[in-house]
Structures are given as C-alpha cells and as structure tokens.
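The values are calculated or read from the model by the stated rules, or taken from the named source; none is laboratory data. Here the structure is a predicted model, which is why all the values come from computation and not from measurement. Heads up, the Cβs are rebuilt from the backbone with ideal geometry, glycines too, and the neighbour counts pull from every protein chain shown.
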Amino acid sequence: MSFLGVGAIILAAGKGTRMHSELPKVLFPLCDKPLLAYVIETVQALKLRPAVVVVGYQGEKVKKAFEHEPSLLWVTQTEMLGTGHAVQFTKPAIENASEHVVVLYGDIPLVSEQKLNELITHHLTANHTITLLASTTDHPYGYGRINTNKENEVVSIVEEKDATDLEKKTRLINTGIGVYKTSFLMNAVFALQNHNAQKEYYLTDVVGIAVKQGEKVGMVIEENFNLVQGVNSPEDLQKIETFATQRNR
C-alpha cells in the first residue's frame, strides 16, 4: 500500500531523561534493533514521502545510526520546547511536498502498518483536517486525555499535568500519532501558546485550534494499547519487549 501525497514526520528529538542513560532514547534497542528503526520501517512500508525525522539531543549520533537510509530528511530542533515546536522545524521540508502528513514518534515502535493504513484511509475518505490515533487503557497516567462531546466528536486533548481530576479518569487517550492536512498543520503549530504546566508548545493543542475553526477532527481506535505504548522508562521498554517477544513466537 502507498499513499500519494502523504508524507511523514517522525519526532525523535527527546533525551529520555527517565531512561537514566546518555544514549538518545530512540536508539535504545528493542529485540536488537533501535526503537526508531521500527518506525522508519513502517513509514517506508507505507511509502510515505517525504519522511522527515526531527532530532535534537545527540542528533548527529541518531543520524549516523541511520546513515544507510538516504531517503530520510533530517531536521534539528534547536531547543526542546515541545512537540508543537518540533513540528515547526519541518515546515521547509514538508509544506509544499505533501498534502497530508502523518506524525509519528520515534519511541512508539510497535504501531502497525495495518493500523496506520486504516488511519490514513479513514482520514482521506472522511476528508478530516485531523484524524487522531486513540486508544484506551486502565492506566492512562502520563497520556493526554481526549475530550469528546455528546456526539462522540473530538473536542480537545488535555495533557496529564493540565487535566482536571475528572479528565484524569478518562480512559480514552491520545497516542500522539495522527494524520493532518499539511497546510492546516503548518499554520497551526505557529499559532500555539505555551500557557501550560510545562511551558511547552504542545502539538495536541492544534486540535483545539481546529475545533474552533470548524474543521473536521476524527479518530481511529487501536484496541490493543500495547501496540501504541510509548517508551518513557526502562520499565516501559521491558514491558514492550516482553509483549513483542511473545507476539512473535
């Protein structure tokens, strides 16, 4: 399967403080391959072009690890000011190169080609401005919660540190992965504000911008949370490795 006019942005700039290592988080091995390798392979299988990788912490080391992948475009986030800020750096590479763009994370290695295929197809068929990949979990701590209205339409995403006690009870979480109309995204990320607990420019806040502008925002659910769990700690990595090993037996 390939999608003409659909590009990809892979966010891979973070240090991964909770990993307690100088190694960039996306280079941690999962079943003998770096986390980022899984995401790159999935992007290539779907023939998403251009494929832009945003690096930051030890960016040269990350790029060197994938110097055998000449099709990748690399951009550097000069300051770690949030996911929305990271996407700003992709504008020259992506703005006029694709009509739609899939945003992925270098530390979410197990998202499947099949689910991304479903996500992109739904986005294009429904003519959405944004289509989020959501999931549900009994342990949503740390994830952005998706707020919906009575019609089950996406209204906003609120991050853990900014969520109310009621919102924190929501099991519907944002994985971070989504498909966007490129023109909208490249305008919206430059309209973001950092009025939040972490003083960062959150990519998730573009959902609120879209809703206010009357744009269509949808979502696709990944029923298996293990496939969209991010790696933020050695415990997360061990859990994902155990799941991946059992699945491949």
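Please find, within region 191-248, the residue that is surrounded by the most Cβ atoms within 10 Å (Cβ to Cβ) out of those that are without any contact (Cβ under 8 Å) to a residue 24 or more places away in the chain and acidic (D, E). Going through the qualifying residues, I end up with D236. What about T121, is it farther than 21 Å from V55 by Cβ and either in contact with an Asp or Glu (Cβ under 9 Å, 6 or more places away or on another chain) or assigned to a strand (DSSP E or B) (or both)? No, not satisfied.
Which ones in region 125-153 are of a type in the set (G, A, S) and outside any loop (DSSP other than H, G, I, E, B)?
We begin by selecting, within region 125-153, every residue of a type in the set (G, A, S); these are 126, 134-135, 142, 144.
If the condition is that a residue be of a type in the set (G, A, S) and outside any loop (DSSP other than H, G, I, E, B), then A126, A134, S135, G144 are the ones that fit.
Considering only region 76-91, I want to know if a residue exists there that is closer than 20 Å to P34 by Cα, surrounded by fewer than 22 Cβ atoms within 10 Å (Cβ to Cβ) and more than 12 Å from the chain's Cα centre (by Cα). Write out each step before concluding.
Filtering region 76-91 for residues closer than 20 Å to P34 by Cα gives 76.
Next cut, surrounded by fewer than 22 Cβ atoms within 10 Å (Cβ to Cβ) only: 76.
Subsequent filtering for residues that are more than 12 Å from the chain's Cα centre (by Cα) retains 76.
Within region 76-91, one or more residues are closer than 20 Å to P34 by Cα, surrounded by fewer than 22 Cβ atoms within 10 Å (Cβ to Cβ) and more than 12 Å from the chain's Cα centre (by Cα).
Looking only at residues in region 21-54 that are in contact (Cβ under 8 Å) with a residue 40 or more places away in the chain and over 28 Å from A97 (Cα atoms), the one that is nearest to the chain's Cα centre (by Cα) is K25. The number of residues in region 1-15 that are farther than 15 Å from Q77 by Cα, at pLDDT 90 or above and either crowded, with 19+ Cβ neighbours inside 10 Å or among the basic types (K, R) (or both) comes to 3. Applying a threshold of 6 Å to beta carbon distances and a minimum spacing of six or more residues, or different chains, the list of pairs starting in region 99-123 at a residue that is closer than 13 Å to L4 by Cα and touching a residue at least 60 places away in the same chain (Cβ under 8 Å) and ending at one that is surrounded by fewer than 24 Cβ atoms within 10 Å (Cβ to Cβ) and aromatic (F, W, Y) reads I120/F3.
One residue stands out among those in region 95-147 that are polar (S, T, N, Q) and touching a Leu at 6+ places or on another chain (Cβ under 7 Å): the one that is nearest to E167 (Cα to Cα), which is T136.
Considering only residues that are part of a loop (DSSP other than H, G, I, E, B) and without any contact (Cβ under 8 Å) to a residue 40 or more places away in the chain, look in region 166-190 and name the one that is surrounded by the most Cβ atoms within 10 Å (Cβ to Cβ).
Keep residues of region 166-190 that are part of a loop (DSSP other than H, G, I, E, B), which gives 169-171, 189-190.
Of the ones still in play, those that are also without any contact (Cβ under 8 Å) to a residue 40 or more places away in the chain are 169-171.
Details: K169: 10, T170: 18, R171: 14.
Per the criteria, the residue is T170.
Mind checking which residues of region 101-147 are closer than 14 Å to K216 by Cβ and surrounded by fewer than 22 Cβ atoms within 10 Å (Cβ to Cβ)? Spell out the reasoning first.
Filtering region 101-147 down to residues closer than 14 Å to K216 by Cβ leaves 122-132.
Hits for region 101-147 are H122, L124, T125, A126, N127.
Residue check: is Q198 more than 19 Å from T136 (Cβ to Cβ), of a type in the set (S, T, N, Q) and not in a helix (DSSP H, G or I)?
On the way: more than 19 Å from T136 (Cβ to Cβ): yes; of a type in the set (S, T, N, Q): yes; not in a helix (DSSP H, G or I): yes.
Taking the combined requirement at face value, the residue satisfies it.
Identify all residues within region 75-123 that are out of contact with any helix residue (DSSP H, G or I) (no Cβ under 9 Å at 6 or more places or on another chain) and among the hydroxyl-bearing types (S, T, Y); write none if there are none. Correct list: T78, T83, T121.
Within region 42-68, the set of residues being over 20 Å from G14 (Cβ atoms) and not basic (K, R) comprises Q44, A45, L46, L48, P50, E67, H68.
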